[in-house]
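Here's the structure we're looking at; comments come further down.
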Amino acid sequence: MSHPGATATDRHKVVIIGSGFGGLNAAQALKHADVDIKLIARTTHHLFQPLLYQVATGIISEGEIAPPTRLILRKQHNAQVLLGDVTHVDLETQTVDSVLLGHTYRTPYDTLILAAGAGQSYFGNDHFAEWAPGMKTIDDALELRGRILGAFEQAERSSDPERRKKLLTFVVVGAGPTGVEMAGQIQELSDQTLKGSFRHIDPTEAHVILLDAAPAVLPPMGEKLGLKAKERLEKMGVEIQLNAMVTDVDRNGITVKDKDGSIRRIESSCKVWSAGVQASPLGKDLAAQSDTEIDRAGRVIVNPDLSIPGHPNVFVIGDMAFVPGVPGMAQGAIQGGKYVAAIIKNEDKARQHGTKPKPREPFKYFDKGSMATVSKWNAVAQIPLGEKTKFEFGGFFAWLAWLGLHLIYLVGFKTKVATLLSWAVTFLSRQRGQLTITEQQAYARTRIEELQEIAAAVQEERAS
């Protein structure tokens with residue numbers, strides 16, 4: 001069915017897919033443009049993904065990093081927020097199909113911005129997800145919080161030393177920024193927050209392992225900062241295992257293949273996956289209808305103006321787009337969203353005046369640097385000082401810079417204040433304010449799969 005559309009006019013129709021950094025910034029940059037915007041997303045919130053690990057480890061609540069998109073754009077009267085999972089883009093008819101609760105809605109567009117982001121990649125082993133959740137959504141973070149804290153609770157009730165050891169072994173796969181941050185926080189959670197709160201186990205004896213198939217920690221940030229992060233984690237008690245490729249994951253642990261080809265087993269009840277990303281399948285949808293190409297991660301290889309070949313009115317930004325020299329970070333999506341919005345405003349203004357629009361200049365990414373927090377009071381940072389020079393530093397001042405930068409990019413005054421208060425509680429004491437867990441959070445994924453198996457069995461029985 002066609003969506004009723006609360007902003008049905010003859011104005012230029014801009015459809016934005018995704019409410020992440022790219023989609024939201026594109027919509028906000030078009031606030032004063034004479035266009036009608038429909039932002040379609042599969043969630044009702046704008047997720048500040050870099051802080052998901054803090055939700056998973058009880059530092060902040062999910063609401064502090066995921067304000068409702070509808071409220072963010074409430075005063076922007078040319079924008080309408082629509083909930084739905086976009087399943088198809090028809091380039092010929094210029095329509096977008098989205099699904100909500102079994103109903104399919106069709107939305108027409110004049111200009112389309114795809115900013116649907118990326119999900120976790122298990123490199124062809126999607127069955128790993130059942131036992132090693134990723135870190136891409138609020139559901140992932142809450143599930144991991146339930147599994148991490150649930151492991152301590154189960155260990156408290158166990159009288160089997162081997163089972164307790166397995167329950168208190170936490171494996172983080174992927175030594176990029178998310179993996180480093182997650183490993184550090186699990187270690188601090190066990191050493192500081194939970195210390196002395198159990199009677200049968202000692203939480204400080206938890207064993208945190210960070211492993212990666214790569215030969216270094218934080219490869220994108222270079223050898224110097226990678227070594228700083230590695231040394232800090234090891235000092236905290238995190239075991240670093242490099243050149244270690246995960247070949248299997250199950251309920252009770254993981255199987256690892258080392259550089260020399262040997263296979264070994266790590267018994268662990270709680271695993272976290274942060275080892276790769278896969279762009280939205282909408283990229284394949286575009287490639288099937290045009291001369292568009294995608295890379296191995298499913299990212300769309302775009303033109304210099306972020307449009308796709310043969311369709312100058314269709315743009316791809318953020319994690320969905322492959323642009324040489326632009327990393328898969330928030331800044332790339334933010335700058336891409338603002339750049340595309342500027343093109344739309346320029347061309348819409350030319351249409352209104354019956355003039356020729358200014359030629360599109362290629363997208364230029366301004367590298368503002370990268371940061372990763374390792375532990376309380378400690379982070380690493382890399383700031384470009386020119387085309388070839390970078391200022392690299394770590395420790396307390398890098399941690400302060402990390403805090404300030406993330407606070408700036410949080411959306412909304414209330415969100416900033418609430419996050420700052422949560423940080424104060426955690427960093428100025430050993431307490432964490434978000435340690436509540438439920439069985440549904442920890443085991444919803446497996447329960448849903450069990451229900452699907454039961455439903456399939458019932459259908460098979462009926463068919464026979």
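Placing a pseudo-label 7 Å from each Cα along the Cα-to-Cβ vector at Glu231 and Leu435 gives an inter-label distance of 3.2 nm. Along the axis of the charge dipole computed for the chain (Cβ charges of +1 for Lys and Arg, -1 for Asp and Glu, origin at the Cα centre), the listed residues Val300, Met236, Thr419 are led at the positive end by Thr419.
Shape of the chain from its Cα gyration tensor (a ≥ b ≥ c, root eigenvalues): rounded if a/c is under 1.5, otherwise prolate when a/b > b/c, or oblate? It is prolate, given that a/c is not under 1.5 and a/b is the larger ratio.
What percent antiparallel are the DSSP beta bridges of the chain, to the nearest 5? Counting only bridges with both partners in the chain, antiparallel ones make up about 55 percent. For His88 and Arg462, the difference between the fully extended length at 0.36 nm per residue and the C-alpha to C-alpha distance is 131.4 nm. Dipole of the chain computed with +1 at Lys/Arg Cβ and -1 at Asp/Glu Cβ about the Cα centre; of Leu112, Gln187, Ala401, farthest Cα towards the positive end is Ala401.
For Lys349, the aspartates and glutamates whose Cα falls under 19 Å of its own Cα, not counting residues fewer than eight places away in the same chain, are Asp10, Asp34, Asp36, Asp110, Asp305, Glu361. Taking the 1.4 Å solvent-accessible surface of the chain as the whole, the part contributed by carbon and sulfur is 54%.
Sparsely packed loop sites in region 334-415 (the GluC sites (Glu not before Pro) outside DSSP H, G, I, E and B with at most 15 other Cβ atoms within 10 Å) comprise Glu387.
Could you work out how much longer the chain between Ser159 and Thr44 gets when fully extended? Use 0.36 nm per residue separation minus the Cα distance between them, nm to one decimal. Extending this stretch completely gives an extra 37.0 nm. Is region 198-278 rounded, prolate or oblate when judged by the Cα gyration tensor, a ≥ b ≥ c being the square roots of its eigenvalues, rounded requiring a/c under 1.5 and prolate requiring a/b larger than b/c? Oblate, because a/c is 1.5 or more while a/b does not exceed b/c.
Label region 3-131 by shape, choosing from rounded, prolate and oblate, from the square roots a ≥ b ≥ c of the eigenvalues of the Cα gyration tensor; if a/c is under 1.5 it is rounded, and otherwise prolate applies when a/b is larger than b/c, oblate when it is not. Oblate.
The sum of -39500 (n - 2.57) across all DSSP H runs of n ≥ 4, divided by the residue count of the chain, sets its helix-only mean residue ellipticity at 222 nm to -11000 deg cm²/dmol. With the simple spin-label model, which puts each label point 7 Å out from Cα in the Cβ direction, the Asp34 to Asp126 separation comes to 4.6 nm. Separation of the alpha carbons by more than 24 angstrom is noted, of Lys235/Lys416; Lys31/Lys136; Lys13/Lys338; Lys284/Lys368; Lys368/Lys416; Lys235/Lys390, for Lys235/Lys416; Lys31/Lys136; Lys284/Lys368; Lys235/Lys390.
Among the trypsin sites (Lys or Arg not before Pro) in region 35-137, those placed in a DSSP loop whose Cβ has at most 15 other Cβ atoms within 10 Å are Arg74, Lys75.
Label positions at Leu407 and Asn346, each projected 7 Å from the Cα along the C-beta direction, are separated by 3.7 nm.
Solvent-accessible surface of the chain, taken per residue with a 1.4 Å probe and all protein chains present: 49 Å². Applying 1/(1 + (r/R0)^6) with r as the Cβ-Cβ distance of Gln241 and Ser290 and R0 = 56 angstrom yields a FRET efficiency of 0.80. Normalised by the number of residues in region 49-141, the average gap of Cα pairs under 8 Å and 6 or more apart makes the relative contact order 24 percent.
Peptides 395-401, 358-364 ranked from most to least packed, by the mean per-residue count of other Cβ atoms within 10 Å: 395-401, 358-364.
The values are calculated or read from the model by the stated rules, or taken from the named source; none is laboratory data. This structure is a prediction, so every number in the text was calculated from the model and none was measured. Note that each Cβ is placed from the backbone with ideal geometry, even for glycine, and that neighbours are counted across all protein chains shown. Accessible surface is based on the protein model in full, side chains and every heavy atom, while ligands, DNA and RNA are left aside. Shrake-Rupley method; radii C 1.70, N 1.55, O 1.52, S 1.80 Å.
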